[in-house]
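Worksheet: the structure to be examined is printed underneath.
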Amino acid sequence: MPNYFTLKTDKLFSRRQLLQLGLASVGIAGVSAIWQKWTAQKQSVRVPPSQTEVIAKGAANPMQVIRDFDYGTLKRENGRTIREFSLTAGTSAIQLNSAVAYNIWDLNGRIPGPTLRVKQGDRVRILFLNRAGHSHSLHFHGIHTAEMDGIRPVSNGSATIYEFDAEPFGVHLYHCHIEPVTRHIAKGLYGMFIVDPPAGRPPADEIVLIMAGYDVNDDNRNEYYAFNGLPHYYMHHPIRIYQNQLIRLYLLNIIEFDPAVTFHLHANFFDVYPLGMTLTPTQKTDVITMGVAERHIVEFAFRYPGKYMFHPHQDAIAENGCMGQFEVICDRNCSQSKKKSLG
Ligand SMILES: [Cu+2]
């Protein structure tokens, strides 16, 4: 098994490179498909039709982020199953509003980086290639050895491999750990890392929401805030969910410079699974405080159709972009009762 090492390259990992590294292996797509089916549980979960008509262009694409989970590629080496991911850091510009463009570092061409999803106990391998013009790294939250902790710089044009067993289950994160970390995170090098419990969780419409800030004038204060990359995006393009459908939010606060924010949901209460590390909720509330890098699973269902806001209750932060809406769509019973009342 390879230990921590770096290699100089200006190309993406190719099969040839992996062969040279002794990492080429046999994909076992069948097993992968079964687990993804299990985690997605699409048979019993209703998800509104795709919202492709409001997908933005470029690296920041909040509508694509919400239900997009990267399960990696399953491989088998020396009798052991490995879940392998490729993450490439690059550069892009995003449009924070009609007047303000901002240069970011992206991962696989997006901000936030891909939501990586594994099962507790999986062997995880991250192939990290840095093409972002500056030294970076990927530091994963979780339990692993010091050499896999991702604090060593990977210079521009170089690659490295992080490998560890996924534990414990929960909602975790990964981010660049090169100083100033505030800058490297706020400019885009972060993402969610979900480790599912061995037996999974009950069926739900699963949605990722990541709160982040933008310090565009380098004064160590955020001028803009966002859910999943773009300020105010879900205010203009609400996230559609079904009435009476269990919603499972994977929620992360990665806002730098502000010590903590809350997450507040309108017209409802939610169950809290702290850090996603429990199988039963510990609290029911409509507002929860989250420090930097804190994350939780929160679950709820909406009883009535309509549009409902969500935002930090630090209202200045909300008003500067960290604000969105769910659009609750009538379920089948609701549609029938409407028809009856009209008839
Ligand atoms: Cu960095």
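The values are calculated or read from the model by the stated rules, or taken from the named source; none is laboratory data. Since we're looking at a predicted model, the values are computed, not measured. Heads up, the Cβs are rebuilt from the backbone with ideal geometry, glycines too, and the neighbour counts pull from every protein chain shown.
Numbers for the structure displayed
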read-out: Exclusive hit being at pLDDT 85 or above and among the small types (G, A, S), set A24, A89; value: A89
read-out: Residue within segment 195-211 that is over 16 Å from F69 (Cβ atoms), away from the ligand (no atom under 14 Å from the Cβ), among the small types (G, A, S) and touching a strand residue (DSSP E or B) at 6+ places or on another chain (Cβ under 8 Å) present; value: no
read-out: Residues of segment 230-283 that turn out to be surrounded by fewer than 17 Cβ atoms within 10 Å (Cβ to Cβ) and touching a helix residue (DSSP H, G or I) at 6+ places or on another chain (Cβ under 7 Å), as a count; value: 1
read-out: Residue match in segment 109-124 (condition: of a type in the set (V, I, T), surrounded by fewer than 24 Cβ atoms within 10 Å (Cβ to Cβ), within 16 Å of the ligand (Cβ to nearest atom) and over 26 Å from R76 (Cβ atoms)); value: no
read-out: Test for T280: is it among the polar types (S, T, N, Q), out of contact with any Cys (no Cβ under 9 Å at 6 or more places or on another chain) and in contact (Cβ under 8 Å) with a residue 40 or more places away in the chain; value: no
read-out: Residues located in segment 212-227, provided they are within 16 Å of the ligand (Cβ to nearest atom) and surrounded by fewer than 20 Cβ atoms within 10 Å (Cβ to Cβ); value: D215, D218
read-out: Residues located in segment 125-134, provided they are within 13 Å of the ligand (Cβ to nearest atom) and on the phi < 0 side of the Ramachandran plot; value: F128, N130, R131, A132, H134
read-out: Segment 135-154, subset over 15 Å from V118 (Cβ atoms) and away from the ligand (no atom under 16 Å from the Cβ), residue surrounded by the fewest Cβ atoms within 10 Å (Cβ to Cβ); value: A146
read-out: Test result for G191, within 15 Å of the ligand (Cβ to nearest atom) and closer than 23 Å to V65 by Cβ; value: yes
read-out: Residue selected from segment 298-314 under the condition out of contact with any Asp or Glu (no Cβ under 9 Å at 6 or more places or on another chain) and farther than 19 Å from H236 by Cβ, by the criterion surrounded by the fewest Cβ atoms within 10 Å (Cβ to Cβ); value: R303
read-out: Selection count, segment 68-108, where residues are away from the ligand (no atom under 16 Å from the Cβ) and not in a strand (DSSP E or B); value: 11
read-out: Hey, G170 buried (at least 22 other Cβ atoms within 10 Å of the Cβ), closer than 23 Å to H296 by Cβ and more than 13 Å from the ligand (Cβ to nearest atom) or not; value: yes
read-out: Tally, over segment 155-167, of residues that are in contact with a helix residue (DSSP H, G or I) (Cβ under 6 Å, 6 or more places away or on another chain) and either within 13 Å of the ligand (Cβ to nearest atom) or under 19 Å from I185 (Cβ atoms) (or both); value: 1
